[in-house]
Amino acid sequence: MPAETIPLEASLGRILREDVAADADYPRFDKAIRDGFAVRHEDLSKVPAVLEVLGESRAGQGTGVTITPGNCCEIMTGAPLPAGANAVVMVEHTEPVPPSKVRVMRSVREGEGLLRRAAELKSGERVLSVGRRIELADIGTLASFGKFQVRVSKKPRVAILATGDELVEVRESPDAGQIRNSNSYTLLGQVLAAGAEPVLLGIGRDNVADLRKKIAQGLEHDVLLVSGGVSMGKYDFVENVFAEYDVQVLFDSVAMKPGKPTVFGTRGETFVFGLPGNPVSTIVAFRMFVTPVIRNLLKAADAGPGVLRACLEEPAKCDAARTAIVPALVRFEDRAYRIRTAPWKGSSDLAGLSRANALVVIPKAEGSLQAGEWVDFLSLESL
Ligand code: AMP
Ligand code: MG
């Protein structure tokens, strides 16, 4: 994707396309990090000690006074340290001696209660790099550097086409044999979460003429997602229409359960996916194959799978032919994630997935995994 310049306010979660360096030293001046008195630590080698208060240094203002032996200056957090001072003693460790002195009860080390100029960052030092996803602290860092505009990757436009003669839209009531289209909405959510811009193309019917028209529309985007119509059914025409449009198919079968009939190809600059129609299969196939493509299009430095490890609480049966990715319940207890598969009725059981909070990866193998074994999982919050 090309880069674009956007306002700072809109930059959270976007992928940086410029390196960002400190525009100045941070802090810009020696500053107090306590409310109290700026002192020469040498004057407090014996305490209590009584010092003359020469003035005050307020945040945003500072002071013209210079601290000489026996003298000090009132100071607030964030205020510049006056010349001659080398420590700040907390106000809690002092008591006033009217009219113009203060008694200090504790001694301080040189440098205590203050931060020297450039202690955090030197001017020109790089903090954020190209490919970085802009996180919460980064927005504050950009603000403090005066970056009211930021260069980021443009969002890929991702067309979403649901297919099936049985589908009706969300506002409609299904007649006998019909169901509501839910995949367009889970895909929309996943596209947004991956940092791209969804474009809903509605429902395509299971005939070549309608699919031709709608897939042609979809191929105008950076990514096209077609849900349904990629299995072995008599009316699964999606792959035929991909072929008519010269989509270069790289794979159309995956050793994964669910998600076996997932299709991936390219046509010119467009990345094309045929995702199996069962609602849970669609979600899983998106997470495994579409998310990484979007993250790479965005030039995100970290396009990794976001997999965590958990300890199995109950045995789990493996599939000898395919890696299974199954709804699961995970919790953090005793300093580790603990996971078990959630009750569900197969890859159409979206409600089963709603009651789960993770997907657990059960590797392709003969037999079962035992309780206590470690497995990979994906949090459903980040899908
Ligand atoms: P297909 O991949 O077209 O064979 O569809 C597999 C199953 O998923 C069928 O039971 C479909 O009714 C169902 N399905 C397909 N598309 C959707 C959709 N957009 N929303 C909900 N369910 C769907
Ligand atoms: Mg279908």
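The values are calculated or read from the model by the stated rules, or taken from the named source; none is laboratory data. Keep in mind that this is a model prediction, so the values were computed, not measured. As a convention, Cβ positions derive from the backbone with ideal geometry for all residues, glycine included, and neighbour counts pool all protein chains shown. The protein model used for the area step is the full one, side chains on, heavy atoms only, and it has no ligands, DNA or RNA in it. Shrake-Rupley method; radii C 1.70, N 1.55, O 1.52, S 1.80 Å.
Observations on the structure shown:
- Size of charge dipole - segment 7-57 - debye, nearest 20, with Cβ of Lys, Arg +1 and Asp, Glu -1, no other charges: 180
- D_trans [Stokes-Einstein, Kirkwood Rh over alpha-carbon pairs] for segment 64-189, 20 °C, 1.002 mPa s, µm² s⁻¹: 98
- 5 Å binning of all Cα-Cα separations within segment 294-375, expressed as whole percents from 0 upward: 3, 14, 20, 21, 18, 12, 8, 3, 0
- Note on I6 and F251: the model spin-label points, each 7 Å out from Cα along the C-beta direction, lie 3.1 nm apart.
- Summing Lys and Arg as +1 and Asp and Glu as -1 over all other residues whose Cβ lies under 15 Å from the Cβ of E381 gives a net charge of +3.
- Computed from the alpha carbon positions, the gyration tensor of the chain leads to an equivalent ellipsoid with semi-axes of 62, 26, 17 Å, biggest first.
- The mean sequence separation of alpha-carbon pairs under 8 Å and at least six residues apart, normalised by the residue count of segment 35-183, gives a relative contact order of 20 percent.
- A probe of 1.4 angstrom, applied to the heavy atoms of all protein chains, finds E169 with accessible area near 50 square angstrom.
- Helix-only mean residue ellipticity at 222 nm for the chain, each DSSP H run of n ≥ 4 adding -39500 (n - 2.57), per residue, nearest 500: -4000 deg cm²/dmol
- Stretchable slack from S382 to R126, in nm (0.36 nm times residue separation minus alpha-carbon distance): 89.3 nm
- Leading residue at positive end of dipole, segment 27-142 (Cβ point charges), from V88, A119, G78: A119
- Segment 111-179: radius of gyration and largest Cα-Cα distance (Dmax), Å: 25.2, 79
- Cα-based shape type of segment 3-67, given that a ≥ b ≥ c are square roots of the gyration tensor eigenvalues and the cut on a/c is 1.5: prolate
- Here the chain is assigned +1 on the Cβ of each Lys and Arg and -1 on the Cβ of each Asp and Glu. Its dipole about the Cα centre then comes out at about 300 debye.
- Relative contact order (%) - the chain, alpha-carbon pairs under 8 angstrom, separation at least six: 14
- Rounded accessible area per residue of segment 89-213, 1.4 Å, Å²: 56
- FRET E, pair V307, R338, Förster distance 22 Å, beta-carbon r, rounded to 0.05: 0.85
- Mean separation of Cα contacts under 8 Å, 6 or more apart, over the residue count of segment 1-91: relative contact order %: 34
- Beta bridges per DSSP with both ends in the chain, % antiparallel, nearest 5: 70
- Solvent-accessible area, 1.4 Å probe, carbon plus sulfur percent, for segment 246-383: 50
- Computed accessible area, K122, all protein chains, 1.4 angstrom probe, square angstrom: 120
- Judged by the ratio a/c of the largest to the smallest principal axis of the C-alpha gyration tensor, segment 228-344 counts as oblate, that ratio being 1.5 or greater while a/b is no larger than b/c.
- Taking a ≥ b ≥ c as the square roots of the eigenvalues of the alpha-carbon gyration tensor, segment 336-383 is classed oblate because a/c is 1.5 or more while a/b is no larger than b/c.
- For segment 226-358, the Cβ-based charge dipole about the Cα centre amounts to some 480 debye (Lys, Arg positive; Asp, Glu negative; other atoms uncharged).
- Ligands, DNA and RNA are left out, and with a 1.4 angstrom probe the accessible area of segment 232-383 is 51 Å² per residue.
- Model label points for K213 and R180, set 7 angstrom from Cα along the Cα-to-Cβ axis, are 2.6 nm apart.
- The gain in end-to-end length when the T266 to F29 segment is fully stretched comes to 79.8 nm, 0.36 nm per residue minus the alpha carbon separation.
- Distances between placed amide hydrogens fall under 5 Å for C318 paired with G367, S368, L369, all partners being 5 or more residues away or on another chain.
- Gain upon complete extension [D19, V47; 0.36 nm per residue less C-alpha separation]: 5.1 nm
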